[in-house]
Amino acid sequence: MNTTTTSSTGRTTPSGDYPVLNHPPARPPLIGDHAERTRTFTWDEARGWLAAEPGERLNIAYQAVQRQVDAGRGSAVAVRFLDRTAPRTELTYAELADAAAGFAAVLTGLGVGPGDRVCTLLPRSPELFVAALGTLWNGSVYCPLFPAFGPGPVRQRLDLGHVRLLVTDRASYERKVAEARDDLPHLSAVVVLEDDAPPGTVSWRDAQTRAEGLPRPPVAETGPEDPALLHFTSGTTGRPKGAVHVHEAVVAHHATARMVLDLHEDDVYWCTADPGWVTGTSYGIIGPLTCGVTVVTDAADFDARRWYSVLQDEQVTVFYTAPTALRMLMRSGADLARAHDLSRLRHVVSVGEPLNPEAVMWGTEAFGRPIHDTWWQTETGAIMISNVPGMPVRPGSMGRPVPGVEVAVLARGDDGRALVRDGEVQRCGPDEVGELALRPGWPSMFRAYLDQPERYAAAFSGGWYLSGDLARVDADGYVWFVGRADDVIKSAGHLIGPFEVESTLMEHPSVSEVGVIGKPDPLAGEIVKAFVTLAPGVEPSEALRRELIVFGRHRLGSVAPREIAFDPHLPHTRSGKVMRRLLKARELGLPEGDTSTVEETP
Ligand code: WT7
């Protein structure tokens, strides 16, 4: 166990008493020196790190799998699949490329062409990787859905995305999709993993058999600006937003997988994020495969003992995970970590929610090295701010902008969002809190919110992309997360739109109005809490409360509220909207702030 070199520069970080951590990297980092690299880096240079494709073409699947085959690394293991119940299996780069091409042939056979959208609603399995890469190979647009979503979120996303083909398992299809099939006119085909496909679907095996006679299709002739990925994300109001990414995003996936995750060809890399979210596609599939590593993926849910065994037995060298998971590992004690041989583990990286400095410090005990935080969003497509290897870590800070990314903190107006007057923004000074903004132009920047051009336009102002996060930057350029500028909830790393939860609960006949907030939680960061006003004549009771919890869980799945409180007097704005911010302030026992726009219901 390496317990070395926790050295302080003598400077206290603005967040308090944590020392600056200066652990030497266990291997010379690919990025080299962060400051030096930032000075010289261009995205054009990063384009040159990818394999050349004919003409102006660029295709993510080519870069992720075929590239390795062409480079003579076809027999290297691309993905190792672990499962609690099934034996461990592997796919080499050559096998994965073949299977992806095979799936592209299946798509053609089913009439799904370039630009058409394909969804997966699958556990972490070989079929998920094959469907994702095969979709991109075909020039179609890949849209992952989180398997723990309930029927409501699944149907809404299939509908909004005009999804042509869904790949799922029998149980998910029957419970979440079948009934709504008539309301999904765009969904022309459904492939299920099992051989006994229910009516209206085709089995994976049959679909493959049908495509067998067809020639292996070449990689689609996509250009850098052709749409490749569609990721739904949650906002404060209205329906989920479909962030559209193009094939050029792979330039940023690859560059950050190299410069931030430090992925060398011989690495064994485990990303614990589900591919149903952007982290699980950008860094569970695409980024690492473009680096030629072996990706480990585990279908099982969190279990501290199992996770340490995976790290040990698979000889994982780079581990990308989330603060909630790290806090759960912390709860099981550093001794459990030290009871395992983690000597191969070289780099531990985190994303998705605030990484508390205690967790960074704990990393030095459990893993012998600090945990490196990274910040980004569905919209940014790739890591934008991070503690890269070799750069001193300030516990509690997300790190510095990655090379090629320009960050600003913008002064805020009364509504808490960046203030723009006549197209001009005002930048905050060191340590002043404002809205975190990025200069547009990085390759994985989202190109649209599907069918919502005005919402997309509203995300940019005065020459900046506005992130919706509040942050400050210290005098040395380290970025510190402060909070969200909106009401979006972050639970266990997943974004949850309060509106989606509110509208679902409102469908219950006993409910007249709902306000939903994120309630701080020591493990998950936040949990979803709903304040419910009951319909006239309905009396609150414990039985009804439980009924509403079950109702929510059944329809929404993982985004359902964990707590429900009855409140006959929800606070409203003068325009009649429920004031979530005030509900939250009350929940936290905080001052209620400016309530001049509030109107209490009688
Ligand atoms: C939001 C984006 C990050 C990709 C997967 C989630 C929060 C993200 C951090 C961090 C504090 C973080 C922000 C951001 N977030 N990383 N290191 N520290 N907060 O993407 O679901 O679009 O969520 O996650 O609030 O805006 P997402």
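The values are calculated or read from the model by the stated rules, or taken from the named source; none is laboratory data. These numbers were taken from a predicted model, which means no experiment stands behind them. Note that we place each Cβ from the backbone using ideal geometry, even for glycine, and neighbour counts take in every protein chain shown. Ligands, DNA and RNA are stripped out before the accessible areas are found, and what is left, the full protein with its side chains, is counted by its heavy atoms. Shrake-Rupley method; radii C 1.70, N 1.55, O 1.52, S 1.80 Å.
Starting from the Cα-Cα distance between D70 and R57, subtract it from 0.36 nm times their residue separation and give me the gain in nm to one decimal.
Value of the extension gain: 3.0 nm.
For the stretch 45-145, state which GluC sites (Glu not before Pro) are in a DSSP loop and have at most 15 other beta carbons lying within 10 Å of their beta carbon.
E56
Rounded, prolate or oblate: which fits the stretch 199-303 when a ≥ b ≥ c are the square roots of the eigenvalues of the alpha-carbon gyration tensor, with rounded for a/c under 1.5 and prolate only if a/b beats b/c?
Rounded is the answer for the stretch 199-303, as its axis ratio a/c remains below 1.5.
Taking a probe of 1.4 Å, how large is the accessible area per residue of the stretch 487-588, in Å²?
Each residue of the stretch 487-588 exposes 44 Å² on average to a 1.4 Å probe.
Count the lysine pairs in the chain that are 8 or more places apart or on different chains: how many have C-alpha atoms under 19 angstrom apart?
Lysine pairs, 8 or more places apart or on different chains, close enough: 8.
Using the Cα gyration tensor of the stretch 487-588, with a ≥ b ≥ c the square roots of its eigenvalues, what is the shape: rounded (a/c below 1.5), prolate (a/b larger than b/c) or oblate (neither)?
oblate
If you keep only loop residues by DSSP, which GluC sites (Glu not before Pro) in the stretch 326-407 have at most 14 other Cβ atoms within 10 Å of their Cβ?
Hits after loop and neighbour filter: E406.
Classify the stretch 112-206 as rounded, prolate or oblate from the Cα gyration tensor: take a ≥ b ≥ c as the square roots of its eigenvalues, call it rounded if a/c is under 1.5, otherwise prolate when a/b beats b/c and oblate if not.
Because its axes are fairly even, with a/c under 1.5, the stretch 112-206 counts as rounded.
List the GluC sites (Glu not before Pro) in the stretch 468-520 that DSSP assigns to loop (not H, G, I, E or B) and whose Cβ has at most 13 other Cβ atoms within 10 Å. Which are they?
Sites meeting the loop and neighbour criteria: E507.
What stretch of the chain, leaving out the sites themselves, is the longest with no trypsin sites (Lys or Arg not before Pro) in a DSSP loop having at most 13 other Cβ atoms within 10 Å?
For trypsin sites (Lys or Arg not before Pro) (loop position, at most 13 other Cβ atoms within 10 Å), the longest site-free span of the chain is 89-573.
Pairs of Cα atoms under 8 Å, at least six residues apart: use those to get the relative contact order of the stretch 308-349, whole percent.
68
So what is the calculated 222 nm ellipticity per residue for the chain, using -39500 (n - 2.57) for each DSSP H run with n of 4 or more, over all residues, to the nearest 500 deg cm²/dmol?
Computed mean residue ellipticity for the chain: -7000 deg cm²/dmol.
Which percent of the accessible heavy-atom area of the chain goes to carbon and sulfur, probe 1.4 angstrom?
51
Find how much the distance from Q315 to V550 grows on full extension, using 0.36 nm per residue of separation minus their present alpha carbon separation; answer in nm with one decimal.
Gain in length upon complete extension: 80.5 nm.
Quick query: amide H of L419 versus all other amide H atoms, modeled in the peptide plane; which residues come in under 5 Å with a sequence gap of 5 or more or a different chain?
A411, R412, G413, Q426
In the chain, once you exclude exposed chymotrypsin sites (Phe, Trp or Tyr not before Pro) (DSSP loop, at most 15 other Cβ within 10 angstrom), what's the longest stretch remaining?
Answer from the scan: 303-602.
Starting from the Cα-Cα distance between V77 and S503, subtract it from 0.36 nm times their residue separation and give me the gain in nm to one decimal.
Full extension of this stretch gives 148.8 nm more.
Using each residue's phi in the stretch 231-246, evaluate 6.51 cos²θ - 1.76 cosθ + 1.60 at θ = phi - 60° and report the 3J(HN,Hα) Karplus result to the nearest Hz, with x for Gly and Pro.
10, 7, 9, 9, x, 6, 10, x, 6, x, 9, x, 7, 9, 10, 10
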